[in-house]
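Participant: One structure, pasted below without further comment.
Bear in mind these aren't lab numbers, they're just calculated from the coordinates by the rules spelled out. All of these numbers come straight from a predicted model, not from anything done at the bench. Please note: Cβ atoms are built from the backbone with ideal geometry, for glycine as well, and neighbour counts cover all protein chains shown.
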Amino acid sequence: MSRFIDRVVLHVSAGKGGNGCASVHREKFKPLGGPDGGNGGRGGDVVLEVDRNVHTLLDFHFHPRAKATNGTQGMGGNREGANGSDLILKVPDGTVVVDKDGEVLADLIGVGTQFVAARGGRGGLGNASLASKARKAPGFALLGEEGEAGDLILELKSVADVGLVGFPSAGKSSLVSVLSAAKPKIGDYPFTTLQPNLGVVSSGDTTFTVADVPGLIPGASEGRGLGLDFLRHLERCAVLAHVVDCATLEPGRDPISDVDALEAELSAYQPALKGDASLGDLADRPRIVILNKADVPEAAELAEMVTPDFEARGWPVFTISAVSRDGLRPLTFALAKMVAEYREAHPPAEPKRQVIRPIAAKETGFDVIADPDNPGGFIVRGVQPERWVRQTAFDNDEAVGYLADRLARLGVEDALVKQGAEPGAFVTIGDVGFEWEPQTAAGVDIVRTGRGTDARLDQDERIGAAERKHARRVRRGLDSEDPENR
């Protein structure tokens with residue numbers, strides 16, 4: 001049994017960028033071949049694209065996680081890593097993408113419209129790209145960045161021209177079945193329709209779509225029945241058609257009270273999404289009244305009695321029978337005329353052109369604020385310094401020294417001094433915290449040492465291998481503690 005899913009939570013993860021390569025060209029009789037490490041590949045994006053062959057979000061209901069492939073690591077010989085493949089997810093026309101706070105990120109209307117749901121991480125630079133006059137053969141490379149990840153809400157709003165609204169068992173599904181080739185489930189019990197049914201209707205030169213929305217009851221705008229789940233499908237309809245059951249035997253119900261009750265629900269309904277891009281309030285949409293089940297004599301008499309009341313509101317009124325198909329032809333022509341007038345006033349939505357926004361190469365702004373969790377500590381916030389920290393391999397002293405130089409040139413050191421940072425203050429940048437030592441010179445001429453090392457970072461209290469060996473021999477009584485008696 002097929003299922004109609006119109007709202008899902010999608011967990012998206014873009015691909016990670018590949019790490020750069022730290023390599024030195026080696027060739028016989030060329031001892032100083034120079035760095036030749038290539039850059040890492042870019043991570044793949046997660047992209048949502050409107051497809052005319054997709055009509056529901058069912059696939060995302062069963063597979064709520066989407067992850068693009070990672071970029072590969074750079075290689076020696078100046079060979080760059082391969083970029084990750086973009087993951088293209090097909091969505092129905094009318095899909096709205098929102099974040100966890102309910103803010104609309106994209107309104108996907110028109111076949112071919114795309115939205116980048118998660119952007120892949122940048123690939124890290126290899127040591128060939130990091131070479132400079134100061135570092136002619138860098139012994140390190142930059143790490144690739146993680147891709148964007150997060151949770152998105154996909155909500156489908158059917159793109160139909162005419163929306164049929166009415167109480168349960170008013171004959172909406174029957175009307176769709178006789179107006180179009182659609183074959184919805186039809187039963188003589190309330191809430192037979194559990195999902196919107198779409199039908200295509202042709203009248204002369206006009207072809208339009210009709211949506212049968214599950215039956216509404218008083219309180220639908222507040223969540224009663226099935227109304228709140230499917231009222232969103234009326235937001236894009238150009239015309240709202242009241243389908244009224246004139247043969248109902250329920251006490252206290254009549255065509256006038258039924259329409260008034262549904263009008264109150266339509267007026268009270270508010271889109272759940274902030275900044276929703278629909279056609280305006282449902283209360284302002286053009287109306288048409290369809291008095292159904294006129295094949296019953298009592299229903300035909302009742303329809304004749306209430307017609308003047310609806311006409312006094314300025315609404316077109318049509319008396320029909322979905323069973324005997326009486327009155328369908330004038331109704332079809334009237335609906336086609338209303339749809340044509342709407343289309344004339346509102347051009348059809350075209351696929352939105354994909355806007356390519358290059359990633360900014362330099363975002364130099366940053367802020368230094370006091371750390372509320374560490375007295376005397378500070379937090380450095382900024383796109384560029386946080387990116388540099390993510391790209392640094394902290395197990396490589398030369399890479400750490402390169403990071404210190406970049407931060408000094410950006411002005412982070414001076415900003416910490418102005419904020420009153422004391423030596424040993426705990427400074428946090430991104431997800432990394434460290435003790436700030438201003439005596440470690442940054443931005444000065446580099447003393448050339450071995451690959452992967454930085455002489456400025458050797459000013460620490462770490463015990464070397466020789467000292468550890470001597471201490472072990474002293475404990476065993478094999479050596480003297482006095483250096484002169486060794």
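Participant: Looking at region 1-124 only, what percent of DSSP beta bridges run antiparallel? Nearest 5 please. All intermediate terms of the calculation are to be shown ahead of the outcome.
Facilitator: Values: 11 of 19 bridges.
In region 1-124, approximately 60 percent of DSSP beta bridges are antiparallel ones.
Participant: So if each residue of separation counts as 0.36 nm, and I subtract the Cα-Cα distance between GLN419 and LYS90, what length gain in nm does that give? The partial results should precede the final answer.
Facilitator: Working: separation 329, 0.36 × 329 = 118.44 nm, distance 5.06 nm.
Length difference between fully extended and current span is 113.4 nm.
Participant: Just to confirm a number: summing +1 for Lys and Arg and -1 for Asp and Glu over residues other than VAL368 whose beta-carbon lies under 12 angstrom from that of VAL368, what do you get?
Facilitator: Details: positive: ARG381, LYS418; negative: ASP367, ASP371, GLU413, ASP414.
Net of charged neighbours comes to -2.
Participant: Further question on the same structure: If each of LYS133 and ALA466 carries a label point 7 Å out from its Cα toward its Cβ, how far apart are those two points in nm?
Facilitator: 3.6 nm
Participant: Still on this structure, I have one more. Need the full-extension length gain, ASP51 to GLU250, defined as separation in residues times 0.36 nm minus the C-alpha distance. One decimal, nm. Provide the component values of the computation, followed by the final result.
Facilitator: Values: separation 199, 0.36 × 199 = 71.64 nm, distance 4.39 nm.
Gain in length upon complete extension: 67.3 nm.
Participant: Which one of LEU108, LEU130, VAL98 has its Cα pushed farthest toward the positive end of the charge dipole of region 97-137, where Lys and Arg give +1 and Asp and Glu give -1 at the Cβ?
Facilitator: LEU130
Participant: Would you work out which of LEU48, LEU32, ASN78 lies farthest towards the positive end of the dipole of region 11-81? Charges go on Cβ: Lys and Arg +1, Asp and Glu -1.
Facilitator: Going by the Cα projections, it comes out as LEU32.
Participant: Right, something else. Please compare each pair in LYS172/LYS293; LYS67/LYS90; LYS157/LYS293; LYS90/LYS157; LYS16/LYS100; LYS16/LYS157 to a cut-off of 21 Å on the Cα-Cα distance and tell me which ones are over it. Numbers along the way, then the final one.
Facilitator: On the way: LYS172/LYS293 11 Å; LYS67/LYS90 14 Å; LYS157/LYS293 29 Å; LYS90/LYS157 15 Å; LYS16/LYS100 23 Å; LYS16/LYS157 33 Å.
Those over the limit are LYS157/LYS293; LYS16/LYS100; LYS16/LYS157.
Participant: How much length, in nm to one decimal, is gained on full extension between LEU105 and LYS337, taken as 0.36 nm per residue of separation minus their Cα-Cα distance? Kindly include the intermediate steps, with their values, before the conclusion.
Facilitator: Values: separation 232, 0.36 × 232 = 83.52 nm, distance 3.45 nm.
Extending this stretch completely gives an extra 80.1 nm.
Participant: So which of LYS133/LYS418; LYS30/LYS136; LYS30/LYS133; LYS136/LYS418; LYS136/LYS469 end up more than 24 Å apart, counting from Cα to Cα?
Facilitator: Working: LYS133/LYS418 31 Å; LYS30/LYS136 16 Å; LYS30/LYS133 20 Å; LYS136/LYS418 34 Å; LYS136/LYS469 35 Å.
Over 24 Å apart, Cα to Cα: LYS133/LYS418; LYS136/LYS418; LYS136/LYS469.
Participant: Based on the Cβ-Cβ distance from ASP373 to GLU311, what FRET efficiency comes out when R0 is 60 Å, to the nearest 0.05?
Facilitator: Numbers: r = 70 Å, r/R0 = 1.17.
Computed FRET efficiency for ASP373 and GLU311 comes out at 0.30.
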